[in-house]
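The values are calculated or read from the model by the stated rules, or taken from the named source; none is laboratory data. The structure presented is a predicted model; accordingly, all values stated were derived computationally and were not measured. Neighbour counts run over all protein chains shown; Cβ positions are idealised from the backbone, glycine included. All accessible areas refer to the heavy atoms of the entire protein, side chains included, with ligands and DNA or RNA removed. Shrake-Rupley method; radii C 1.70, N 1.55, O 1.52, S 1.80 Å.
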Amino acid sequence: MIKSMTGFAAVTREDHRATIAVTIRALNHRHLDLQLRLPQSLAAIESEVRALVVKRVARGRVELSLSLQLRQTPGVEVEFNQEFGRALSAALDQARADGLVAGDLAPGDLLRLPQAITVRERQIGADEPLQAEIAARARDAVDAALADLDVMRAREGEHLRADLDARRTLVAGFVELIAAAADEGRAAMEERLSERVRELRTVLQADETVVAQEIVRMASRSDISEEVSRFRGHVSHWAILADGPEPCGRKLDFLLQEMNREVNTMGSKADGLRVSELIISAKAELEKMREQVQNAE
């Protein structure tokens with residue numbers, strides 16, 4: 001199955017407790033490169049988010065951002081540093097005994113001392129039922145965003161496949177023309193050699209059987225039937241991979257390398273008036289296919 005590696009998806013989930021927003025961007029990459037940005041309060045579900053991504057994406061750079069905004073104002077926690085309080089009280093008692101200060105320590109005095117009183121927002125983790133509910137909703141939002149991303153990548157993959165199939169058909173046609181031109185070129189070469197031998201026969205004495213075998217041997221060096229047969233096999237294999245359920249970008253890239261190698265061999269062996277022109281056209285289309293395959297998962 002051909003899917004594009006590029007895509008975008010954004011999902012927002014809201015209720016009376018919180019707003020959860022998920023944004024996913026997918027770009028081309030040789031391997032799976034996953035970049036996650038989660039709030040600290042949801043760090044515990046990072047491994048689950050990674051598993052959800054790996055389940056749907058096989059290759060590409062995936063940038064996933066998850067944000068959380070609580071609708072309810074979180075409670076606060078106030079903590080009194082008892083050791084500091086006792087030490088401060090003992091120091092003031094000593095100062096009063098020495099006549100350095102007078103009066104008692106008031107609550108307002110403690111509030112002015114950051115070492116005495118600590119005030120902080122209560123974390124979500126402190127409310128386990130709320131933490132579990134928000135984590136579940138975050139996972140659902142990530143899964144929904146990945147589903148939307150998959151739909152977009154599949155839709156772009158359809159356009160990608162249409163272009164690749166058209167070019168594959170074009171290249172296959174070029175190869176068939178190369179095969180026909182090579183056959184014509186080989187027949188013409190055999191005729192030229194035979195004519196030359198007939199011209200030299202009046203001067204040189206040679207065994208006609210040996211000469212005929214040598215002509216066939218030279219002509220066989222320009223035979224590209226094996227390369228053409230392998231290329232046809234690659235074309236058939238391409239269709240099987242594209243129709244299969246698994247991501248096939250890497251396999252198609254390798255297959256294109258093999259197809260290009262076969263065309264190069266044809267160009268070095270075949271002899272004919274149109275062979276060079278057809279080889280150049282086929283290689284140009286294969287290069288365009290290679291560039292397109294770089295976008296396939």
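The residue pairs whose first member lies in segment 274-289 and is in contact (Cβ under 8 Å) with a residue 60 or more places away in the chain and under 16 Å from Asp183 (Cβ atoms), whose second member is open to solvent by 20 Å² or more (accessible area, probe 1.4 Å) and polar (S, T, N, Q), and whose beta carbons are closer than 9 Å, counting only pairs six or more residues apart or on different chains, are Ile279/Asn264. When the residues of segment 25-49 are filtered to those that are of a type in the set (D, E, K, R) and over 18 Å from Ala132 (Cα atoms), the one that is nearest to the chain's Cα centre (by Cα) is Arg30. Scanning segment 244-287 for residues that are open to solvent by 70 Å² or more (accessible area, probe 1.4 Å), hydrophobic (A, V, I, L, M, F, W, C) and within 21 Å of Arg30 (Cα to Cα) yields one hit, Phe254. All conditions in (1) touching a helix residue (DSSP H, G or I) at 6+ places or on another chain (Cβ under 6 Å); (2) touching a residue at least 24 places away in the same chain (Cβ under 8 Å); (3) over 30 Å from His237 (Cα atoms) hold for Val101, with the sole exception of (2). Checked against the criterion of being at pLDDT below 85 and farther than 30 Å from Leu68 by Cβ, the candidates Gln123, Gln131, Gln82, Gln115 yield just one match: Gln115. Does Arg290 satisfy the condition of being surrounded by fewer than 16 Cβ atoms within 10 Å (Cβ to Cβ) and closer than 16 Å to Ser229 by Cα? Considered against the rule, which asks whether it is surrounded by fewer than 16 Cβ atoms within 10 Å (Cβ to Cβ) and closer than 16 Å to Ser229 by Cα, Arg290 comes out as no. The C-beta contact set for segment 225-246 (first residue closer than 22 Å to Ala154 by Cα, second residue outside any loop (DSSP other than H, G, I, E, B), distance under 7 angstrom, 6+ apart or interchain) comprises His237/Leu255; Trp238/Arg168; Trp238/Leu252; Trp238/Leu255; Leu241/Lys251; Leu241/Leu252; Ala242/Arg161.
Does segment 21-36 contain any residue that is of a type in the set (Ser, Thr, Tyr), open to solvent by 30 Å² or more (accessible area, probe 1.4 Å) and out of contact with any Gly (no Cβ under 8 Å at 6 or more places or on another chain)? Yes, the conditions are met somewhere in segment 21-36.
Taken across segment 51-69, residues that are touching a residue at least 60 places away in the same chain (Cβ under 8 Å), among the charged types (D, E, K, R) and more than 20 Å from Met152 (Cα to Cα) do not occur at all. Residues that are surrounded by 15 or more Cβ atoms within 10 Å (Cβ to Cβ) and out of contact with any Lys or Arg (no Cβ under 7 Å at 6 or more places or on another chain) within segment 145-162 comprise Ala145, Asp148, Leu149, Met152, Glu156, Leu160, Arg161, listed in sequence order.
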